[in-house]
Amino acid sequence: GKDEEFLKLSREAGCIQWFVGFESISKETLRKIHKLTNVNVVEKYGEYVRKIQKHGIAVVGGMIFGFDEDTPDVFETTYKSLEEWQVDGIEFNILTPYPGTAIYYRFEKEGRILTKDWSKYSQAHVVFRPKKMTPEELLEGYMWITKKFYSMDKVLKRILHHIGYAKEYEKSPALLSLPTLNFAMRRYYKIERKRIKRELENGTAIPSQQVS
């Protein structure tokens, strides 16, 4: 988002949407996951998002919850930041320690892996024990932010915001892609929330015992 010339050339080349791996708003978390490029620009995320959008390019980001520094209030603070940045869409995921990765081996060593049912390693299930919140709090926070961010009024607000900054680009495909993306994500997370709520009610959402 710093290089204006690059943004101009990107739009002229046909770029209409960027996916940005924000991952977290916590500098400490970003350091620990070695996302060092992000550490020094967290405070400028909003500025960079607006610069990108100024060139008619939509910004869709990714956020992950469940890092060791995350507490139950991470969902509300993240939501407030996303509102300030005015991103066009967000993919919300639950931290998933995939087998073969360093984080998986660390969690396994610490006795925090809750299941080895690989079908649950979907980024929408809790398969490990978080450090500063309960598995239930992680799921409940995930449900809260997906519902809040993709509520109908917020979806329509983002679409109008996008039309506002992209209107100078005639026949921009992004004018169609952004509503489609937001409504698709809204539907997806609604389905996921129903599943999680059902599993919480019947006691199958969280594996009952740690796996040795």
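Please treat every number below as a calculation from the coordinates, not as lab data. What you see is a predicted model; the values in this text were computed from it and never measured. Neighbour counts run over all protein chains shown; Cβ positions are idealised from the backbone, glycine included.
Here the simple spin-label model places points 7 Å from the Cα toward Cβ, and for GLU76 and LEU160 these points are separated by 2.7 nm.
When PHE22, PHE67 are sorted by how many other C-beta atoms sit within 10 angstrom of their C-beta, beginning with the fewest, the order is PHE67, PHE22. For the peptides 47-54, 188-195, residues were scored by their other Cβ atoms within 10 Å and the scores averaged per peptide; the highest-first order is 47-54, 188-195. Projected label points at GLU28 and ARG198, each 7 Å from Cα along the beta carbon direction, are separated by 3.8 nanometres. Enter the mean projected area of the convex hull around the alpha-carbon atoms of the chain, in nm², rounded to one decimal. Quarter of the Cα hull surface area: 12.2 nm².
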